[in-house]
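The structure under discussion appears below in the form of structure tokens.
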Amino acid sequence: MSIETMRVLRSADRVSASQLVRRFGHWQNIANERPVFVLHHGNPRWALMSMPLLSSLTDEADRDARAARLAALHDITLDHMRNMMIVLDSGLVITAINAAARAHFSVSEQDAVGGPLDAIMPETRRALLADAAARVRDTGVGESFDFESGLFVNRRLRARFAPFDHGVVLFLEDMSLADDLAAVRTSADGLAALCAASGRVATGRLTARGLIDDAPDSLAKMVGVGHDQLHGMRLTSIVDVADRPVVNAAIDLVFEHARQTQIATTLLRHGAEPVPVTLALARTDTPHGSLSARYMIVDGSPPANAQPTG
């Protein structure tokens, strides 16, 4: 109930039922301006008011209900944000903190709200963040920088301060995942480059039906056909016919039991003699849950420039 609604209801006149009947015209005029409570045994039981006043009160109640729903939606939205968010007032006191920030700093909403930003930050980062928050509040100019978490090893956070309602809102993004993904991508790219440079190793993806889903140039070079011809081809179609039942069984083993395996087989080549290879298979489902595997084919024939030893 809003302050205005409470003021209107508190200003209401009170009248007994008998008085209302005797002077209905008088009380009807008063009801145009404010509610009239009709008493029954001394207690309010009915209310007399004009339609415009009733509509005003119900409209205000609807606005209050909408505001309450929006406030609840606001809180839910904040708590479902992946990034951390902390709202500070003009005194740099925490007025709101979302679920991601509470989890990272291991603090409850009750303990955080009403306290200074320093209280939830690691000691080694307090001055850095408090000074930045004060500058943004005083200048009205946002700031952004990266810093080490101070709570977890090898965790880099990106802080973004923005002026907000005479105070500051602080967004914190954990950059560690991006760093880890970049490192994995660099490692994978390096491995792919080494395979391509060797000319004797090819690796790619295999579907649950045993079809080649990823045919790199290194495999195309080893087989002697275009990689577009290899895409969608059965892996068994590029090995010796006699070995195909064994390779099929290995593929089934990998997908049905999530096993890793390797097989010595012979790779067929277009316009060239077959070569002995080692075929390795490993189950590696996609992040979306689709069945997938990786294959690696290693040419086991002596290099063309190999020199006999012994």
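Considering the stretch 109-204, the qualifying helices (runs of 4 or more DSSP H), each wholly inside and each with 3 or more residues that are among the small types (Gly, Ala, Ser) and without any contact (Cβ under 8 Å) to a residue 40 or more places away in the chain, run over 126-139, 176-198. Applying the set (1) within 23 Å of Ala103 (Cα to Cα); (2) open to solvent by less than 60 Å² (accessible area, probe 1.4 Å); (3) not acidic (Asp, Glu) to Phe152 leaves exactly one unmet item: (2). Looking for whichever is open to solvent by less than 30 Å² (accessible area, probe 1.4 Å), modelled with pLDDT under 85 and either of a type in the set (D, E, K, R) or more than 30 Å from Thr139 (Cβ to Cβ) (or both) here; the options are Gly210, Gly204, Gly199. Which one fits? When all the criteria are applied, what remains is Gly199.
For Leu253, indicate whether it is open to solvent by 60 Å² or more (accessible area, probe 1.4 Å), of a type in the set (A, V, I, L, M), out of contact with any Pro (no Cβ under 8 Å at 6 or more places or on another chain) and outside any strand (DSSP E or B). Steps first, answer last, please.
On the way: open to solvent by 60 Å² or more (accessible area, probe 1.4 Å): no; of a type in the set (A, V, I, L, M): yes; out of contact with any Pro (no Cβ under 8 Å at 6 or more places or on another chain): yes; outside any strand (DSSP E or B): yes.
No: the conditions fail for Leu253.
Against the numbered list (1) open to solvent by less than 40 Å² (accessible area, probe 1.4 Å); (2) closer than 21 Å to Asp165 by Cβ; (3) under 25 Å from the mean Cα position of the chain (by Cα), Ala132 comes up short only at (3).
The condition of being touching a Pro at 6+ places or on another chain (Cβ under 9 Å) and among the charged types (D, E, K, R) holds for only one of Arg102, Arg82, Arg137, Arg158, that being Arg137.
Before we move on, is Ala215 open to solvent by less than 40 Å² (accessible area, probe 1.4 Å), free of Cβ contacts under 8 Å to residues at least 24 places away in the same chain, under 21 Å from Ala197 (Cα atoms) and within 36 Å of the chain's Cα centre (by Cα)? Taking the combined requirement at face value, the residue satisfies it.
The condition of being out of contact with any helix residue (DSSP H, G or I) (no Cβ under 8 Å at 6 or more places or on another chain) and surrounded by 12 or more Cβ atoms within 10 Å (Cβ to Cβ) holds for only one of Glu173, Glu123, that being Glu173.
The values are calculated or read from the model by the stated rules, or taken from the named source; none is laboratory data. Everything numeric in this text was worked out from a predicted model, so none of it was measured. Cβ: placed from backbone, ideal geometry, glycine included. Neighbour counts: every protein chain shown. Please note that ligands, DNA and RNA were not included when accessible areas were found on the heavy atoms of the full protein model with its side chains. Shrake-Rupley method; radii C 1.70, N 1.55, O 1.52, S 1.80 Å.
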